[in-house]
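Okay, structure first, notes after.
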Amino acid sequence: SIHAHQDMKNFFEYLEGEYALLIGWFQYLKRGTGDSQWIYQLVSESPSIFEDYVLHLSEAVRLLPDRPLRLSLFSQIVVGDSHAFDRHTTLGKLLLHVFAEEARFHAIEPVKIPGSNEEVNRLLLKFNILRDDITNFATVVNIYAETIEGYHPMWESAAHSHSVMNVPMRELINIVAAYPANENQTVWVVENPVIFSNILDEVPNVPMICTQGKFNLATLELLDRLVEEECTIRYCGDITPDGIRRAERLLMRYPENS
């Protein structure tokens, strides 16, 4: 077993030589920061089991998809087990640590493991991995969308009939452009579903997204597409601390378009 800090450092240096794709991660681990202590514990308990984990992590980095792929399918390809990288498993936690280290803005920052499901989903998506592509959806009305093939008929039909759609992430990842279905370049982001419905009763052709009080991944993905088409985003929410925070988040994310 490995205990002393120097022994640990030597072990990580050995791994650097064997698994070059993870070299940045090993260099980070050698710093012995607080977020890495549980990993030191794993190494202390069994360096050989830890190296087995590293083998899978190295394969995961080598086989990162170039377009979004479901996590279960990615796990099956890399490890031969569709649950291998689940969030509660040791391997899943290690993969998140590898990704969080890679996604840091500055080398001096400590690694911050995402806490909420939404943060985990967002981190995985940076590496083209989707944990759940069905229950994460955006609620939209009067918006056109295009795939690489051109107009998307489902969005077109829904906009023509002013029908509200819940569009899951599975569909949104194929969208390359989105814009309002009228000549106005404004899309309203409405927090409250009842108000969303009331507005639609009065103004059936207004382009809107309903957030139901939170910005999930699918909604942000759609907003990103809209902003790329130079749409203006208008927020309609409660004047509460949470409502103001969400308005501020939109303003910070799209300073030129809010």
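The values are calculated or read from the model by the stated rules, or taken from the named source; none is laboratory data. Predicted model only: the values in this text are computed from it and were never measured. In this analysis, Cβ positions are derived from the backbone assuming ideal geometry, glycine residues included, and neighbour counts consider all displayed protein chains. Heads up: the accessible areas ignore ligands, DNA and RNA and are worked out on the full protein's heavy atoms, side chains in. Shrake-Rupley method; radii C 1.70, N 1.55, O 1.52, S 1.80 Å.
Projected onto the charge dipole of the chain (+1 at Lys/Arg Cβ, -1 at Asp/Glu Cβ, origin at the Cα centre), which of Thr135, Ala145, Val167 gives the Cα projection farthest towards the positive end?
Thr135
When the convex hull of the Cα atoms of the stretch 61-115 is projected onto a plane and the area is averaged over all directions, what value comes out in nm²? Before the final figure, lay out each step's value.
Details: hull surface 17.4 nm².
Mean orientational projected area (the stretch 61-115, Cα hull): 4.4 nm².
For the stretch 66-135, with all protein chains present and a 1.4 Å probe, just round the carbon and sulfur fraction of the accessible area to a whole percent. The partial results should precede the final answer.
Numbers: 2050 of 3740 Å².
The C+S portion of the solvent-accessible surface of the stretch 66-135 is 55 percent.
Compute the distance in nm between two label points, each set 7 Å from the Cα along the Cα-to-Cβ direction, one at Ser197 and one at Met252.
That separation, rounded to one decimal, is 3.3 nm.
Given 0.36 nm per residue, what is the gain on full extension from Asp35 to Thr89 after removing their alpha carbon distance, in nm? Provide the component values of the computation, followed by the final result.
Working: separation 54, 0.36 × 54 = 19.44 nm, distance 1.70 nm.
Gain in length upon complete extension: 17.7 nm.
Separation between the Leu42 and Arg245 pseudo-spin-labels, each 7 Å from Cα along Cα→Cβ, expressed in nm?
3.1 nm
Between helix 217-228 and the chain, what is the angle of the helix's C-alpha long axis to the longest principal axis, kept within 0 to 90° and rounded to the nearest 10?
That works out to roughly 60 degrees.
Can you give the accessible area per residue of the stretch 121-206, in Å², using a 1.4 Å probe?
Details: 4270 Å² over 86 residues.
With the other protein chains kept in place, the stretch 121-206 gives 50 Å² per residue.
What per residue convex hull volume, in Å³, comes out for the chain when only alpha-carbon positions are used? Don't skip to the end; give the middle numbers.
Working: hull volume 36.7 nm³, N = 258.
Once divided by residue count, the hull of the chain is 142 Å³.
Measure off, as a whole percent, the carbon and sulfur share of the 1.4 Å-probe accessible area of the stretch 138-250, all protein chains present. It would help to have the intermediate numbers written out before the result.
Working: 2740 of 5510 Å².
In the stretch 138-250, the share of accessible area belonging to carbon and sulfur is 50 percent.
Can you pull the three principal axis extents for the Cα set of the stretch 94-205, in Å, largest first?
51, 34, 25
Quick check: pseudo-label points 7 Å beyond the Cα along Cα→Cβ at Asp224 and His162, how many nm apart are they?
About 3.2 nm separates the two model spin labels.
Using Cα atoms only, what is the angle between the long axis of helix 5-18 and the major principal axis of the chain, expressed in degrees (0 to 90) to the nearest 10?
The two axes meet at around 70 degrees.
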